[in-house]
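Notes to accompany the following structure.
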Amino acid sequence: MADGRVLPYLDIPFQHANARILRLMRRPAGAENTLERIAAWRKAVPDITLRSTFIVGFPGESESEFEDLLAWLRAARLDRVGCFEYSPVQGAAANALSEAPVPEAVKAERRARFMELAAEISAERLAEKVGRTLKVLVDHVEAGVAVARSAGDAPEIDGVVRITSGPASKVGEFAHVEVMAAGAYDLEARAIE
C-alpha cells in the first residue's frame, strides 16, 4: 500500500471496543492495541481508508461499555463505518450467554447515536479532501452528473464522488477530479482532464 501497488483500503471487523464485550463476542484484541495499529497504518499510508462494522446491544452491554465504543470511535476516526443492532442467530455461541439481553429500544437508540457520531467523523474526514485532486472510476452518468468512486469508496457500500462540472466523463473510465465540496458521505468534484 505504501508503494501504491495495493489499494489503500482496509475493512477490519473491529465489532466493538470494550474489552469485556469483545471477550463475550470471542473477538481478539483490545481497544488500545487497535488504536496503535490504526496510527501505524496511517503513518505508513497517509491516504489509507479504514472501514469497519460494529455491533451494539450485545447481551450484557452496559451504557458505560457502549460509551467506551463511542470514545474509541472518536479516537480512531474511521473513514467508513456500519453499525448493526445485535440479534440472536441460530447456532451462535452468544445464545448461551447468561448476560441480560439489551432491550430493543435501547439497541435502536445506541445504533442511532453511534451512526450520528460516525456521520460527523465521516464529514470531517471528507472535508479534509476538499481542494485535493483524486483519481476516480466513473460508474454511471445521470442527468449530466457523473457518479464515480475513489480508492476510498467500495461500490454499493460507501459514498460516491459526483462530478458536476468539467470535461465529460465516460462510464468505465478513470477521471482526475478536484474535490469542491464534501458532505457526510459523498464528495462533489469537477473533472480537470
Could you tell me the calculated FRET efficiency between residue 74 and residue 190, based on Cβ-Cβ distance and R0 = 30 angstrom, to the nearest 0.05? 0.40
In whole percent, how big is the carbon plus sulfur part of the accessible area of the range 1-101, probe 1.4 Å, protein atoms only? 55
Expected 222 nm ellipticity per residue - DSSP helices of 4 or more, -39500 (n - 2.57), all of the chain, to 500: -10000 deg cm²/dmol
Using the Karplus equation 6.51 cos²θ - 1.76 cosθ + 1.60 (θ = phi - 60°), what ³J(HN,Hα) coupling, rounded to whole Hz, does each residue of the range 98-115 give in order, writing x for Gly and Pro? 8, 5, 5, x, 7, x, 3, 5, 5, 4, 5, 5, 5, 4, 4, 5, 4, 5
Relative contact order of the range 2-70, please, whole-number percent, based on alpha carbon pairs below 8 angstrom and at least 6 residues apart. 48
Sequence-distant or interchain residues sharing an amide H contact under 5 Å with residue 53, placed H: which? 14, 15, 82
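Pairs of alpha-carbon atoms within less than 8 angstrom and 6+ residues apart define the contacts here; what relative contact order does the range 2-116 have, in percent?
30
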Starting at the first residue of the range 60-66, write each ³J(HN,Hα) from the Karplus equation 6.51 cos²θ - 1.76 cosθ + 1.60 with θ = phi - 60°, in whole Hz, x for Gly and Pro. x, 4, 8, 4, 4, 5, 5
Centroid-to-centroid separation of the range 115-129 and the range 52-101 [C-alpha atoms, Å]: 21
Long-range HN-HN contacts of residue 180 with modeled amide H, under 5 Å: 131, 188, 189, 190
Would you indicate which of (1) 22.0, 91; (2) 19.0, 61; (3) 15.8, 44 is the value of Rg and Dmax of the Cα atoms in Å derived from the coordinates of this structure? (2)
Can you work out the Karplus-derived ³J(HN,Hα) for every residue in the range 125-133? Use 6.51 cos²θ - 1.76 cosθ + 1.60 with θ = phi - 60°, whole Hz, and x for glycine or proline. 5, 5, 4, 5, 8, 4, x, 8, 9
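Normalised by the residues of the range 39-193, what does the relative contact order come to in percent, with Cα pairs under 8 Å and at least six apart?
That works out to 19 percent.
The values are calculated or read from the model by the stated rules, or taken from the named source; none is laboratory data. What you see is a predicted model; the values in this text were computed from it and never measured. Heads up, the Cβs are rebuilt from the backbone with ideal geometry, glycines too, and the neighbour counts pull from every protein chain shown. To get the accessible areas, we keep the full protein, side chains included, count just its heavy atoms, and leave off ligands, DNA and RNA. Shrake-Rupley method; radii C 1.70, N 1.55, O 1.52, S 1.80 Å.
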